[in-house]
Amino acid sequence: MTVLQPLQFSYIKRTLDFRFEAGTSRGVLTTRDVFWIKVLDPQRRDLIGWGEAAPLVKLSPDHRDDFEEILQKTLDSLSGLSFELDEQAILERLKKLIPLELPSIRFGLETALLDLAWGGKKRLFPNRFYDAQEGIAINGLIWMGDRDFMLGQIDQKLKSGFDCIKMKIGAIDFEQELELLRYIRSGFSKDRVVLRVDANGAFAPADALKKLEQLAALDIHSIEQPIRAGQWSEMKEFCRKTPLPIALDEELIGIGEKARLLDAIEPQHIILKPTLLGGILETKEWVQLAEERNIGWWMTSALESNIGLNAISQLASALGTTIPQGLGTGKLYNNNLESPLEVRSGDILYNSAKSWEDPA
C-alpha cells in the first residue's frame, strides 16, 4: 500500500467530431464532449494519471447542463486529499465520495487514480490486453441510417474480418431492417457470423413478441433492450417467452439494487457500460451477480475517447471475457486522442510500439 502526498485534480475538455452522422434512438450525433481527468502528486509532477468522464447525451444520469461545473466542484473537493494507491482502496473510497448519480465522474476518477498507482503508463491493473498485447474479440457495429448507409457498413465490416456483427435497429422500417439481416444471413450462417441487434427500447410492448419471433428466424444471437427501460413486469414476461435471448442495457442505468433487478426480470444477458453504471467497482459487482445467476454478460463502450476505451478494454480483459465485446468505437472520431489501440480483423489490440498523444 502506497500513500502519496495530497493530490491535485484537474480536467481538460475536448469536443470530438464524428466521422459521420451517428444515428441513435436518441437522435443523430455529430460531436461528443469528453472531459479528461488529470491527477498528479505535486512532489512528482512527472507522474500523472489520466481518466475520462464522458456523460452520454440523454442517457447518462450525469448528462446535465451544469455538468462541467459539477465536475470542477468535485475535483476541487478532492484536491488536497491523500489516497491509498491500492486498487480496492481506491474503488471503495470513490464509491463513498462520488454518488451513483455521477457515474461518469466516478469512472473517470477510478481510471485516473489506478493509472497513477501503476506509474502513469495507462495500465490500470494486471490484464492480458495490456500486459501480453492479447486481442479482444469485438463486434462490428452497424449504425442507424438509411438502407444504403447501413448496407455499406455491413459490407465493410464483413470484408474487414468481423465474425460478430451488431446492428442498431428501430431507425427505419422494420421490414427493411429484416431485409438487411437476411442479406447477411444469405452469405453467412450463424456458425460463420454472429448477429446481434440493439433496439434501444424502440419496440412497443404490444408488438414486441412478434418482432422477436421474426428476428429469431434469422438465427439472431441476442437483442438488446427490446422495450424501453423501467417496465420490469413486461420485460420479465418477454424474457420468459422470448424465442431469442434478451440482453438488458439501459435497464441497468442508475440501479443500486442490482440483485433485485436481476431476480425480478431474469434476463438471459446484461450489457455493461462502466461510464453509465458508475465505473469499475459497480461493473465488477454486476458481473459477479450475473455469473452467480448464470446470466451472460459483455462489456461495451459508451462512445468514449481512447482513454475511456482503453480502461474498458483492460477491465474486460481482467474479468476474463470470452465472447465478442462492444469495443470498436475508437475510429469514430476525426480528432480522437492518438493511442496504441488498434482494431484488426475483428479484434481490438494494444500495440505497445505506438505512443499515447499527450492529452494536454
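Every number here is computed from the coordinates shown, using simple stated rules; none is lab data. None of the values given here were measured: they were computed from a predicted structure. When we count neighbours, we look across all protein chains shown, and the Cβ atoms used for this are built from the backbone with ideal geometry, even at glycine.
Cβ under 10 Å from Lys273's Cβ, Lys273 left aside: what net charge do those residues give with Lys, Arg +1 and Asp, Glu -1? After counting each charged neighbour, the total is -3. The 3J(HN,Hα) values that the Karplus relation (6.51, -1.76, 1.60; θ = phi - 60°) gives for segment 216-225 are, in residue order, 4, 5, 9, 6, 6, 5, 6, 10, 8, 6 Hz. Gly and Pro appear as x. Taking other residues whose beta carbon is less than 13 angstrom from the beta carbon of Cys239, and scoring Lys, Arg as +1 and Asp, Glu as -1, yields -2. Toward the positive end of the charge dipole of segment 128-350, with +1 on the Cβ of Lys and Arg and -1 on the Cβ of Asp and Glu, the farthest Cα among Leu181, Leu281, Cys239 is that of Leu181. Taking every DSSP beta bridge that has both ends in the chain, the antiparallel portion is near 60%.
Taking a Cβ cut-off of under 14 Å around Lys157, the surrounding Lys, Arg, Asp and Glu residues balance to a net charge of +4, with basic ones at +1 and acidic ones at -1. Assuming charge only on the beta carbon of Lys and Arg (+1) and of Asp and Glu (-1), the dipole of segment 8-117 about its Cα centre is about 180 debye to the nearest 20. Each of Gly201, Met299, Gly152 was scored by the projection of its Cα onto the charge dipole of segment 128-350, and the greatest displacement toward the positive side belongs to Gly152; charges sit on the C-beta of Lys, Arg, Asp and Glu. The alpha-carbon of Lys157 sits under 20 angstrom from the alpha-carbons of these lysines, leaving out residues fewer than 8 places away in its chain: Lys166, Lys168, Lys190, Lys331.
Note on segment 8-117: Rg/Rh from Cα positions, Kirkwood definition for Rh, rounded to two decimals, is 1.01.
Of all lysines in the structure, the ones whose alpha carbon falls short of 29 Å from that of Lys95, not counting any fewer than 8 places away in one chain, are Lys13, Lys38, Lys58, Lys73, Lys121, Lys122, Lys258, Lys273, Lys284. Looking at segment 193-317 alone, DSSP beta bridges between its own residues are antiparallel in about 10 percent of cases.
With neighbours defined as other Cβ atoms within 10 Å of a residue's Cβ, the residues Ser160, Ser339, Ser313 order from fewest to most as Ser160, Ser339, Ser313. Could you name the aspartates and glutamates whose alpha carbon sits less than 15 Å from that of Lys159, not counting residues in the same chain fewer than 8 places away? Leaving aside aspartates and glutamates fewer than 8 places away in the same chain, those within reach of Lys159 are Asp347. By definition, a body whose alpha carbon gyration tensor gives a ≥ b ≥ c is oblate when a/c is 1.5 or more and a/b is not larger than b/c, and segment 128-350 fits this oblate description. Counting only Cβ charges, +1 for Lys and Arg and -1 for Asp and Glu, the dipole size of the chain around its Cα centre is about 400 debye. Contact order for segment 128-350, expressed relative to its length and based on alpha carbon pairs under 8 Å spaced 6+ residues apart, stands at 23 percent. Going by neighbour counts of Cβ atoms within 10 Å, the residues Cys164, Cys239 line up, fewest first, as Cys239, Cys164.
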